[in-house]
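The values are calculated or read from the model by the stated rules, or taken from the named source; none is laboratory data. These figures come from a predicted structure and were not determined experimentally. Because the Cβ atoms are built from the backbone with ideal geometry, glycine has one as well, and the counts that use them run over all protein chains shown. For the accessible areas, the whole protein counts, side chains as well, though only heavy atoms, and no ligand, DNA or RNA atoms are used. Shrake-Rupley method; radii C 1.70, N 1.55, O 1.52, S 1.80 Å.
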Amino acid sequence: MLLTSLGGIAQSAYAEGNISIVQQFGIGYLILDVVRDQHLIEKQGKEEGLDIKVEWRTLSGATAINEALLSGALDVASAGVPPMLTVWDRTRGRQNVKAIASLGSMPNYLLSNNPAVKNIKDLSQKDRIAVPAAGVGFQSRTLQIETAKRYGAGDFKRFDALSVSLPHPDANAALIAGGTEITSHFSSPPFQYQALEHPAVHKILSSYDVLGGPGTFNVLYTTQKYHDENPKTYRAFYAALAEASRIIQADKAAAARTYIRTENSKLPLALIEKIVKDPEIDFTISPERTFIYAEKLHELGVLKNKADSWKDYFFPEAWTHPGS
């Protein structure tokens, strides 16, 4: 998939029958790959009596994506749970950004090529941790929550000074190659699986360790304005996501092939199949353990607004599914 700049793109007119969607790198976006490959939004749009025009874009980093969403340069953003919560918190009473659906539950691994580093307590000033969005992205916020557990809430940003913003593909290459300042990478599928095939790379933490079990990685989100002014397009999009989730569950081998084809990935098909079939991973649109982020980030002062439940930051269409 081509990396497309959002600079110079005209602002969305919020016209019914149009939707622009941005996704990041990795198999965490497989549901969107299936939606795109099988034209499911267009298919569901016809059920609503619409010919929907869909624009697909790719960016890395939640900060740039959130800025694009709020500027009107795109309609639907995708990122980890913490970045979504941050923009929900900051736009409450204004743009009222909320989540649409989960893109699946999957672990993210903090990896290291430094043999002296066995857990986060071993990280030192000699180490640099690659993350997509230093200090603010899914990986950084997850590490901050774990850091607060171990060192106290007052020191939750301890490892921010060691963090470097780098897209997953570049970070993965640096970690595997060695010899660079990057000695750790808070990775995501498929990159973490690829890295762990190299003997010098090992896991020191999983996001599931932090959450106490399986949890949502990425979510889709939009503004109240887009949600309210485009009810048919929104319904078609949500139905397309649900259909893509069912398609993946029904034939995971075919879903792996879709990923290779849609992402133009050079990774071995066998590796992608292994990931899609991993029992730790569930391509569900139902949110799981997202409320842990909402609670912990509020306790740490990252979020000003306190959510009473996950339904506070998800649009009502998602309430028809189980969630947490």
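Here are the numbers:
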{"item": "Total residues in the stretch 65-77, condition buried (at least 18 other Cβ atoms within 10 Å of the Cβ) and either modelled with pLDDT of 95 or more or aliphatic (A, V, I, L, M) (or both)", "result": "8"}
{"item": "Residue in the stretch 61-73 that is acidic (Asp, Glu) and touching a residue at least 12 places away in the same chain (Cβ under 8 Å) present", "result": "no"}
{"item": "Total residues in the stretch 213-232, condition within 18 Å of residue 77 (Cα to Cα), out of contact with any Phe, Trp or Tyr (no Cβ under 8 Å at 6 or more places or on another chain) and of a type outside the set (S, T, N, Q)", "result": "4"}
{"item": "Members of the stretch 28-76 found to be of a type in the set (A, V, I, L, M, F, W, C) and outside any helix (DSSP H, G or I), listed by number", "result": "50, 52, 54, 56, 59, 73, 74, 76"}
{"item": "Residues satisfying the stated conditions in the stretch 191-212, i.e. assigned to a loop (DSSP other than H, G, I, E, B) and either open to solvent by 50 Å² or more (accessible area, probe 1.4 Å) or in contact with a Phe, Trp or Tyr (Cβ under 8 Å, 6 or more places away or on another chain) (or both)", "result": "196, 197, 198, 199, 200, 212"}
{"item": "Members of the stretch 131-168 that are buried (at least 19 other Cβ atoms within 10 Å of the Cβ), aromatic (Phe, Trp, Tyr) and more than 20 Å from the chain's Cα centre (by Cα)", "result": "156, 159"}
{"item": "Scan of the stretch 93-130 for residues that are part of a strand (DSSP E or B), open to solvent by less than 10 Å² (accessible area, probe 1.4 Å), touching a residue at least 60 places away in the same chain (Cβ under 8 Å) and in contact with a helix residue (DSSP H, G or I) (Cβ under 6 Å, 6 or more places away or on another chain), ordered by number", "result": "99, 101, 111"}
{"item": "Residue check, residue 229 open to solvent by 10 Å² or more (accessible area, probe 1.4 Å) and either closer than 27 Å to residue 112 by Cα or modelled with pLDDT under 95 (or both)", "result": "no"}
{"item": "Any hit, the stretch 302-318, residues being among the basic types (Lys, Arg) and more than 22 Å from residue 143 (Cβ to Cβ)", "result": "yes"}
{"item": "Test: residue in the stretch 80-92 that is surrounded by fewer than 21 Cβ atoms within 10 Å (Cβ to Cβ), part of a loop (DSSP other than H, G, I, E, B) and at pLDDT 95 or above", "result": "yes"}
{"item": "Hits in the stretch 169-185 - residues which are surrounded by fewer than 24 Cβ atoms within 10 Å (Cβ to Cβ) and more than 22 Å from residue 59 (Cβ to Cβ)", "result": "176, 177, 178, 179, 180, 181, 183"}
{"item": "Qualifying residue in the stretch 297-308 (condition: assigned to a helix (DSSP H, G or I) and within 30 Å of residue 42 (Cα to Cα))", "result": "no"}
{"item": "Positions within the stretch 297-311 being buried (at least 19 other Cβ atoms within 10 Å of the Cβ) and closer than 18 Å to residue 102 by Cβ, in sequence order", "result": "297, 307, 310"}
{"item": "Residues located in the stretch 158-194, provided they are in contact with a Pro (Cβ under 8 Å, 6 or more places away or on another chain) and among the hydroxyl-bearing types (Ser, Thr, Tyr)", "result": "165"}
{"item": "Residues of the stretch 232-257 that turn out to be assigned to a helix (DSSP H, G or I) and open to solvent by 10 Å² or more (accessible area, probe 1.4 Å), as a count", "result": "15"}
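This table checks each residue for (1) modelled with pLDDT of 95 or more; (2) of a type outside the set (Gly, Ala, Ser); (3) over 23 Å from residue 213 (Cα atoms).
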site	(1), (2), (3)
118	yes, yes, no
136	no, yes, no
146	yes, yes, no
158	yes, yes, yes
169	no, yes, yes
199	yes, yes, yes
